[in-house]
Protein chains: 2
Amino acid sequence: MPSYTAPARDTRFVVNEVLDVASYGNLPGFESATPDIIDTVIGEGGRFCAEVLAPLNLSGDEQGCTRHADGSVTTPDGFKDAYKQFCEAGWGTLAQPEQFGGQGMPHVLGFALEEFISSANQAFGMYPGLTNGAVSALLAKGSPEQQEKYLPKMISGEWSGTMNLTEPQCGTDLGLIRTKAEPQADGSYAITGTKIFISAGEHDLTDNIIHLVLAKLPGAPDSTKGISLFVVPKFLVNDDGSVGERNGVSCGSIEEKMGIHANATCVLNYDEAKGWLVGEENKGLAAMFIMMNAARLGVGIQGLSQAEVAYQNAVAYAKDRRQGRALTGPADPEAKADPIIVHPDVRRMLMDAKAFTEGMRALCLWGALLVDLSHKASTEEERAEADAMIGLLTPVIKGYGTDKGYAVATDMQQVFGGHGYIREWGMEQFVRDARIAQIYEGTNGVQAMDLCGRKLAYKGGAAIQAFFKMVGDECSAAKSDETLAPLAEKLEKALGEQQAATMWFMQNAMKNPDDLGAGAHDYMHIMGIVSLGLMWLRMAKVAQAKLASAPDDKAFYETKLATARYYIERFLPDAGALRRKLEAGSEAVMALNEDAFDTAA
Amino acid sequence: MPSYTAPARDTRFVVNEVLDVASYGNLPGFESATPDIIDTVIGEGGRFCAEVLAPLNLSGDEQGCTRHADGSVTTPDGFKDAYKQFCEAGWGTLAQPEQFGGQGMPHVLGFALEEFISSANQAFGMYPGLTNGAVSALLAKGSPEQQEKYLPKMISGEWSGTMNLTEPQCGTDLGLIRTKAEPQADGSYAITGTKIFISAGEHDLTDNIIHLVLAKLPGAPDSTKGISLFVVPKFLVNDDGSVGERNGVSCGSIEEKMGIHANATCVLNYDEAKGWLVGEENKGLAAMFIMMNAARLGVGIQGLSQAEVAYQNAVAYAKDRRQGRALTGPADPEAKADPIIVHPDVRRMLMDAKAFTEGMRALCLWGALLVDLSHKASTEEERAEADAMIGLLTPVIKGYGTDKGYAVATDMQQVFGGHGYIREWGMEQFVRDARIAQIYEGTNGVQAMDLCGRKLAYKGGAAIQAFFKMVGDECSAAKSDETLAPLAEKLEKALGEQQAATMWFMQNAMKNPDDLGAGAHDYMHIMGIVSLGLMWLRMAKVAQAKLASAPDDKAFYETKLATARYYIERFLPDAGALRRKLEAGSEAVMALNEDAFDTAA
């Protein structure tokens, strides 16, 4: 069975040494995030995930969820108890507002924990993860009564939440929604329609499930400007807060999927279910995007999480499994063969995983800090800047992070040779589970268009210009340091590729928007590579400074510098190739008639 | 349920127009491959695969194989009947020698059919595929008596074959084999040991299974120089050729795997099973490599096959599914949304698949022709040249072809959005089935080392120099043609990257063999990209000539030229990035102590 250890040392490195979260102590919420508390959350949270959640990952995948004749759904053995422990320990309340029973800690800690949860058991993590998304929407758009009614029990974990967007005919294009909301005399709405792919839509972990549902009011515009958001509890909630009668929503079936078997993906049938409008009429999309943005960062973390746990197991296997000899001569002459970690191609895959996961962890936690700063920074200007930057980075974290996360999980499976293909080793599950993260919460193609079609142009390009300036300035500053200079110079070159690609978009996409569409995926990857490069520059800078001050943990910092070098040499070159593809434009991409794609017998 | 159509038009294009197989009519076997016969084999073979094998693919995956208490294994419903039809139609005998009941046709036709079989049902195709491997070894190394005893019934499909290499402690490193062969008084050997991952090791499709087994004679050298090959039938064969008593080999269990569920992957226990030496003592590895080389080409075709069938289904979905609007304005203003094939990012993925599958098909069929020429060309020199070239290309076809095949299958799944993750659509099966091809018959890391550590140096680099000259000459010749010049120029540039990488290996790998090991995987991909580029140049040249002669099928040739352009613009740029990674050498790859890979809590 695979194993998992939360990478607490590395998380502490990012939180304390790179991001220096303690320096934000003057901001609300951060005052309670003292070094001791940070240490406890990371250490104890990591242990909980490793000890309680990880052991249920393989068995949960094998058993899956079961839908019964009455429409009820049971989760795999052990999930209910683990969820109870999760709630009792308060792991779900970490970054939620104290007003509704949360601990009010910074999101940067919540995200750190989210990685551990997802590495240990991605399918489990989706249950509280979806609740978090629904909580965000109610916090932002719910009425005070709705907040009072639902949030305390959702935050405690007593109730869970879902996001209901997709319908059979409608995924990416929410303008196609058909679910109807008929106003009722009592101020509620009768919701009728079919929603599909509803993660955690029905299960046995909580006493109630609070569905947030996109639907159309009578006569609403026939586009995304005509959708509204409703809160539809599985059980109606009595005035005293107790759970009342069953609402008109039921699980019609659960999907057989490639992975995340332990999370129930439901078809939900709404049959005049009682719902209440959240926010304004026809403004449902904006409310949905609040959930979506939080969820997209969470999904980016899933890409990291599966790469990380797959990496850990591949390292253990590569040290244990013996085949062949080192190319430079036997490493262990007493034995009949060397451990496969001596082989450069195995090393290459492990180093690639290490460079990705550590860089991605830094990017996700920086992103989380930006979320905090977008709400809590001292000035409006700082808040706006942080908001614009995390808006820009969100599709990169989601899209690049999950593409590369899947590739790394696949490589780590490859380290196992034939054993990687066998279920009991657990490696193929990591690949199957990682795969969904490229698809849901907006496919990575949608992320690429969000980045290139919306975020680049946001406020006249202010966010991307700020990003360019930030990377450029940090490269310039680092070039004076002998150790950092090679990294800074090559990162600057990759930044140059991104800037050129951006300029190419500006010169061409107005004339032909297909040029933007055809290059968007390449651009997202270029920016992912540059973003992780920035993280590696920051991490190398800290490691370099620490080494100069003769720390206890010398090996840790030396490893950081060696891994930074690997990143420069092996990740950055792709930026140039991607730019060349992008600058080829859309002509060849769009050249064929649709019929030309058909297969002729 | 997914659908499949054999791409017969494109196969005929490669066989007849690009390779001009008819021009080899003077060689043995080719004389019977008249245009009519070629047409019939491709057309009828394709139809058989589409109509009989493809409908069993999804159900076979869901049901899988079952091992019963007595050690017998049953294949999924319908497989036995389909196999019977397959044998009756003679599809397994196509490229087998007439002497033993085969049809003696060129391998190039056999390989064309192999793609169709594997696209339609990869797990099914492995049963006759493994038989083919065993047949190759017996043809090359078996005694006349062994050939007479086993080959006719294996070629007819009455009996099947297997390859038994892997043991629990021994995969890539065959020197670690422990299975023993004790000489018996009657000239046979008693084989004892455990073999794992034996594809088609036990099943209900045939009356007998002929296992080819690597084992060690008493006192044999403790390395790959001490392994011998044995033929071990499941049932002993009587002198009259009838099936006799059960031999001492049994299936201990079948593996639960990520994919290819309909093929039984067996643990085979040999308990003093009666076996007979094939070829010479301690020369088993050479015999095994005969099987392996044929099998590796077959596995490369599997990479193509899953990409192809996934592509076909993605095209159908992209034309049918409506979400959003074309960036250039509504393509179908009457409807509420456009089919997603209008979106450049969807097009990009489809074009990528089309450029890969058509290029890869040409490469595989050229490879098959080289196999034919290595046996049948008129002069010893031509045969040796063909043998060296296919030796060089085999790890590229297997390694690059399956890496890219998996990536394409994954992209095609991505076209489906959330539906791609749901089993009933079949897309996730293509990904799971494609995954194994990167692993078995030597992982792709092993292929990369075979290419860089052995094949590049073969006969003082004669094969790679011949490859360089071939690509260089064809580029030079094409540059005078206005249409072909841009392709030829960019292919020449990519060739330059490969030549530089080769030179870098020569200058560095002698001093530090890890430099070779660290760059081998990159090199294999560079060569894959250049090889497919050569195929696209050849195909574009034919298309260009045909267009000049005003053919009936104008759209087909125009599509070829458009797809060639896509290939140039979107595949070739990676060659430069890969070279830069390779030339970074092994320092950063090998820098860390093994402990530095561990995760610190």
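The values are calculated or read from the model by the stated rules, or taken from the named source; none is laboratory data. All values reported here derive from a predicted model rather than from experimental measurement. All Cβ positions, glycine included, derive from the backbone under ideal geometry; neighbour counts span all protein chains shown. Side chains are part of the model used for accessible areas, which takes the heavy atoms of the whole protein and leaves out ligands, DNA and RNA. Shrake-Rupley method; radii C 1.70, N 1.55, O 1.52, S 1.80 Å.
With respect to the conditions (1) closer than 27 Å to B:VAL408 by Cα; (2) at the interface with chain A (Cβ under 9 Å from one of its Cβ atoms); (3) crowded, with 22+ Cβ neighbours inside 10 Å, B:LEU516 falls short on a single one, namely (1).
Quick check on this structure: which one of B:GLY533, B:GLY528, B:GLY496 is away from chain A (no Cβ under 14 Å), in contact with a Phe, Trp or Tyr (Cβ under 6 Å, 6 or more places away or on another chain) and assigned to a helix (DSSP H, G or I)? Working first, answer last.
Values: B:GLY533 fails: in contact with a Phe, Trp or Tyr (Cβ under 6 Å, 6 or more places away or on another chain); B:GLY496 fails: in contact with a Phe, Trp or Tyr (Cβ under 6 Å, 6 or more places away or on another chain).
That would be B:GLY528, the only listed residue that is away from chain A (no Cβ under 14 Å), in contact with a Phe, Trp or Tyr (Cβ under 6 Å, 6 or more places away or on another chain) and assigned to a helix (DSSP H, G or I).
Considering only residues that are at the interface with another protein chain (Cβ under 9 Å from one of its Cβ atoms) and farther than 28 Å from B:ALA294 by Cα, which ones fall in the stretch B:398-414?
As a first pass, look at the stretch B:398-414 and keep what is at the interface with another protein chain (Cβ under 9 Å from one of its Cβ atoms): B:406-407, B:410, B:413-414.
Result: B:GLN413, B:GLN414.
Close Cβ contacts (under 7 Å, 6 or more residues apart or on different chains) running from residues in the stretch B:246-261 that are facing another protein chain (nearest Cβ under 8 Å) to residues that are polar (S, T, N, Q) comprise B:GLU255/B:THR265; B:LYS257/B:THR265; B:GLY259/B:GLN429.
Going through (1) of a type outside the set (Val, Ile, Thr); (2) in a loop (DSSP other than H, G, I, E, B); (3) more than 12 Å from the chain's Cα centre (by Cα) one by one, B:LEU369 falls short only on (2).
Scanning the stretch A:311-366 for residues that are of a type in the set (S, T, N, Q) and within 22 Å of the chain's Cα centre (by Cα) yields A:GLN312, A:ASN313, A:THR357. Looking across the stretch B:115-157, the residues that are open to solvent by 20 Å² or more (accessible area, probe 1.4 Å) and of a type in the set (Ser, Thr, Tyr) come down to B:SER136, B:SER143, B:SER156.
One residue stands out in the stretch B:45-54 among those that are in contact (Cβ under 8 Å) with a residue 24 or more places away in the chain and open to solvent by 10 Å² or more (accessible area, probe 1.4 Å): the one that is farthest from the other protein chains (Cβ to nearest Cβ), namely B:VAL52. For the stretch B:547-557, the criterion of being more than 8 Å from chain A (Cβ to nearest Cβ), open to solvent by less than 10 Å² (accessible area, probe 1.4 Å), farther than 21 Å from B:ALA353 by Cβ and assigned to a helix (DSSP H, G or I) is met by none of the residues. Inspect the stretch A:143-157 for any residue being of a type in the set (S, T, N, Q), assigned to a strand (DSSP E or B) and either modelled with pLDDT of 95 or more or closer than 29 Å to A:CYS65 by Cβ (or both) and give the result as yes or no. No, the stretch A:143-157 contains no residue that is of a type in the set (S, T, N, Q), assigned to a strand (DSSP E or B) and either modelled with pLDDT of 95 or more or closer than 29 Å to A:CYS65 by Cβ (or both).
Within the stretch B:96-116, the residues that satisfy the criterion of being more than 24 Å from B:ALA310 (Cβ to Cβ) and under 16 Å from the mean Cα position of the chain (by Cα) are B:HIS107, B:VAL108, B:LEU109. Looking only at residues in the stretch B:203-225 that are buried (at least 17 other Cβ atoms within 10 Å of the Cβ) and farther than 23 Å from B:LEU130 by Cα, which one is nearest to the other protein chains (Cβ to nearest Cβ)? Once the filter is applied, the top-ranked residue is B:ALA220. Of the residues making up the stretch B:412-437, just one is aromatic (Phe, Trp, Tyr) and part of a loop (DSSP other than H, G, I, E, B), namely B:PHE416.
Residues checked against (1) more than 22 Å from B:ALA388 (Cα to Cα); (2) open to solvent by less than 50 Å² (accessible area, probe 1.4 Å); (3) out of contact with any Asp or Glu (no Cβ under 6 Å at 6 or more places or on another chain):
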{"site": "B:ILE464", "(1), (2), (3)": "no, yes, yes"}
{"site": "B:PHE467", "(1), (2), (3)": "no, yes, yes"}
{"site": "B:ALA477", "(1), (2), (3)": "yes, no, yes"}
{"site": "B:ASP481", "(1), (2), (3)": "yes, yes, yes"}
{"site": "B:PRO486", "(1), (2), (3)": "yes, no, yes"}
{"site": "B:GLU489", "(1), (2), (3)": "yes, no, yes"}
{"site": "B:LEU495", "(1), (2), (3)": "no, yes, yes"}
{"site": "B:GLN499", "(1), (2), (3)": "no, no, yes"}
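Out of B:ALA448, B:ALA466, B:ALA485, which single residue is over 26 Å from A:ARG348 (Cβ atoms) and either in contact (Cβ under 8 Å) with a residue 12 or more places away in the chain or within 14 Å of chain A (Cβ to nearest Cβ) (or both)? Walk me through how you get there before you give the answer.
Details: B:ALA448 fails: over 26 Å from A:ARG348 (Cβ atoms); B:ALA485 fails: either in contact (Cβ under 8 Å) with a residue 12 or more places away in the chain or within 14 Å of chain A (Cβ to nearest Cβ) (or both).
None of the other options fit; the residue is B:ALA466.
Scanning the stretch A:361-409 for residues that are of a type in the set (Gly, Ala, Ser) and touching a residue at least 24 places away in the same chain (Cβ under 8 Å) gives A:ALA362, A:GLY367, A:ALA368, A:ALA377, A:SER378, A:ALA388, A:GLY391, A:GLY399, A:GLY401, A:GLY405, A:ALA409. Taking (1) open to solvent by 10 Å² or more (accessible area, probe 1.4 Å); (2) in a helix (DSSP H, G or I) in turn, B:TYR440 satisfies each apart from (2). Quick one: would you say B:ALA200 is more than 30 Å from B:ASP77 (Cα to Cα), in contact (Cβ under 8 Å) with a residue 60 or more places away in the chain and crowded, with 16+ Cβ neighbours inside 10 Å? Answer is no for this residue. Looking only at residues of the stretch B:559-584 that are at the interface with chain A (Cβ under 8 Å from one of its Cβ atoms) and charged (D, E, K, R), we find that the one that is surrounded by the fewest Cβ atoms within 10 Å (Cβ to Cβ) is B:ARG580. Of the residues making up the stretch B:338-360, those that are touching a Gly at 6+ places or on another chain (Cβ under 6 Å) and touching a residue at least 12 places away in the same chain (Cβ under 8 Å) number 2.
Within 12 Å of chain A (Cβ to nearest Cβ), open to solvent by less than 10 Å² (accessible area, probe 1.4 Å), acidic (Asp, Glu) and closer than 28 Å to B:GLU558 by Cβ: does that describe B:GLU358? Answer is no for this residue. Within the stretch B:63-85, the set of residues being open to solvent by less than 20 Å² (accessible area, probe 1.4 Å) and part of a helix (DSSP H, G or I) comprises B:PHE79, B:ALA82, B:TYR83. Within the stretch A:325-338, the set of residues being acidic (Asp, Glu) and within 13 Å of another protein chain (Cβ to nearest Cβ) comprises A:ASP332, A:ASP338.
Between A:GLY46, A:GLY60, the distinction of being in a helix (DSSP H, G or I) and in contact with a Pro (Cβ under 6 Å, 6 or more places away or on another chain) belongs to A:GLY60 only. Take the residues in the stretch B:585-601 that are facing chain A (nearest Cβ under 7 Å) and in contact (Cβ under 8 Å) with a residue 60 or more places away in the chain, then tell me which one is farthest from B:GLU497 (Cα to Cα). Top of the filtered list is B:MET590. Within the stretch A:297-324, residues that are facing chain B (nearest Cβ under 8 Å) have Cβ atoms under 7 Å from residues that are among the aromatic types (Phe, Trp, Tyr) and buried (at least 24 other Cβ atoms within 10 Å of the Cβ) in these pairs: A:GLN312/A:TYR4, counting only partners at least 6 apart in sequence or on another chain.
Filtering the stretch A:378-423 down to residues that are farther than 30 Å from A:ASP61 by Cα and of a type in the set (Val, Ile, Thr), which residue is surrounded by the most Cβ atoms within 10 Å (Cβ to Cβ)? If you could, list the steps in order and put the result at the bottom.
Going through the stretch A:378-423, the residues farther than 30 Å from A:ASP61 by Cα turn out to be A:378-393.
Next, only the ones that are of a type in the set (Val, Ile, Thr) stay: A:379, A:390.
Working: A:THR379: 8, A:ILE390: 22.
Checked the stretch A:378-423; the qualifying residue surrounded by the most Cβ atoms within 10 Å (Cβ to Cβ) is A:ILE390.
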